[in-house]
1. Kindly establish whether R112 is in a helix (DSSP H, G or I), among the charged types (D, E, K, R), more than 11 Å from the chain's Cα centre (by Cα) and within 13 Å of the ligand (Cβ to nearest atom).
2. I'm told S95 meets every condition in (1) of a type outside the set (D, E); (2) in a loop (DSSP other than H, G, I, E, B); (3) within 13 Å of the ligand (Cβ to nearest atom) except one. Can you identify the failing condition by its number?
3. Among the residues of the range 67-77, are any assigned to a strand (DSSP E or B) and within 14 Å of the ligand (Cβ to nearest atom)?
4. Starting from the range 125-136, keep only residues that are among the basic types (K, R), then list their pairs with residues that are near the ligand (Cβ under 10 Å from one of its atoms) whose Cβ atoms are within a distance under 6 Å, requiring at least 6 positions of separation or different chains.
5. Scanning the range 133-151 for residues that are near the ligand (Cβ under 9 Å from one of its atoms) and surrounded by 17 or more Cβ atoms within 10 Å (Cβ to Cβ), which turns out farthest from R100 (Cα to Cα)?
6. Filter the range 131-148 for residues that are out of contact with any Leu (no Cβ under 7 Å at 6 or more places or on another chain) and of a type in the set (A, V, I, L, M, F, W, C) and give the result.
7. Let me spell it out: the conditions are (1) under 22 Å from Y89 (Cα atoms); (2) in contact with a strand residue (DSSP E or B) (Cβ under 7 Å, 6 or more places away or on another chain); (3) surrounded by fewer than 21 Cβ atoms within 10 Å (Cβ to Cβ); (4) among the β-branched types (V, I, T), and T124 meets all of them except one. Which number is the exception?
8. How many of the residues in the range 93-114 are farther than 16 Å from H55 by Cβ and either surrounded by fewer than 18 Cβ atoms within 10 Å (Cβ to Cβ) or touching a Pro at 6+ places or on another chain (Cβ under 9 Å) (or both)?
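Any read-out appearing in this document is the output of simple, stated calculations on the displayed coordinates, not a laboratory observation. It should be emphasised that the depicted structure is a prediction, and the values quoted were computed from it without experimental measurement. A quick note on method: Cβ atoms are made from the backbone with ideal geometry, for glycine too, and the neighbour counts reach across all protein chains shown.
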Amino acid sequence: MFEEDGKALLILELRRGGVTDRRVIDAMERLPREMFVPEGLREQAYENIALPIGHHQTVSQPLTVALMTQALDVNDRMKVLEIGTGSGYQSAVLSPLCRRLYTIERYRELMRGAEQRFEELRLTNITTRIGDGSMGWKEQAPFERIIVTAAAHDIPPLLVDQLAIGGVMVVPVNDGRDEHDQRLLRVVRTEDGVETEELGITRFVPLVEGDEP
Ligand code: SAH
């Protein structure tokens, strides 16, 4: 199938899946997802599926990326933290929608690939760091928005600490009911704690604590 046809079909699928935010649709329409997947899988780049990117990690399903970005409700005045850079696709969707994006990945090699893509696409408002994202990025806190693209066991407490009051975090949480499925949560930090809303069920690779093995 021609790339443009594939993209148009994917955009239809995103709309059907509940993506209504024009800015999210535009950002994904502009972005060449084939740049973010291994060469042998480029033909599948516009299918609504997660694809392997090495180190047993995946670039998330496009509909999941779109719904998480929409739920984050980000704008160009905001400083955003992303945990789990992976291929850099989610980062590249967020980059034009926010002021500055800070993104953390455990695997040096994945980060190297993502950084090359950011450079090629001239996404100059992204700052990267290798390490354990569950610790957050203290020097840059507070963040107006935090997005976690790997499944946590619980809402990561250090990330809540680094969220601005009124700020939003979107995070998939595996509460043990099913080892593969997670509840996608939208967490709002309030003066005295958090308010949590469940957005649906998703599948992510686990958030692993500690540095790259
Ligand atoms: N947002 C990515 C999806 C990546 S999958 C994309 O669009 O391609 C989840 C990523 O989280 C993997 O690359 C994995 O290595 C990373 N990860 C898992 N635990 C982590 C941690 N504690 N800190 C930082 N990155 C982590």
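1. Details: in a helix (DSSP H, G or I): yes; among the charged types (D, E, K, R): yes; more than 11 Å from the chain's Cα centre (by Cα): yes; within 13 Å of the ligand (Cβ to nearest atom): yes.
In short, yes.
2. Evaluating S95 over (1) of a type outside the set (D, E); (2) in a loop (DSSP other than H, G, I, E, B); (3) within 13 Å of the ligand (Cβ to nearest atom) leaves (2) as the failure.
3. Start the filter on the range 67-77 by keeping residues that are assigned to a strand (DSSP E or B), which leaves none.
No: zero hits.
4. So the pair list comes out as R129/I104.
5. Step one: list which residues in the range 133-151 are near the ligand (Cβ under 9 Å from one of its atoms), which gives 133-135, 147-151.
Going one step further and asking which of them are surrounded by 17 or more Cβ atoms within 10 Å (Cβ to Cβ), we end up with 133-134, 147-151.
On the way: G133: 17, S134: 19, I147: 13, V148: 16, T149: 18, A150: 21, A151: 24 Å.
Filtering first and then ranking leaves A151.
6. Pass one, the range 131-148, residues out of contact with any Leu (no Cβ under 7 Å at 6 or more places or on another chain): 131-133, 138-141, 144.
Result: A141, single match.
7. The number of the failed condition is (2).
8. If we filter the range 93-114 for residues that are farther than 16 Å from H55 by Cβ, which is where we start, we get 93-103.
Keeping just the survivors that are either surrounded by fewer than 18 Cβ atoms within 10 Å (Cβ to Cβ) or touching a Pro at 6+ places or on another chain (Cβ under 9 Å) (or both) gives 96, 99-100.
The total comes to 3.
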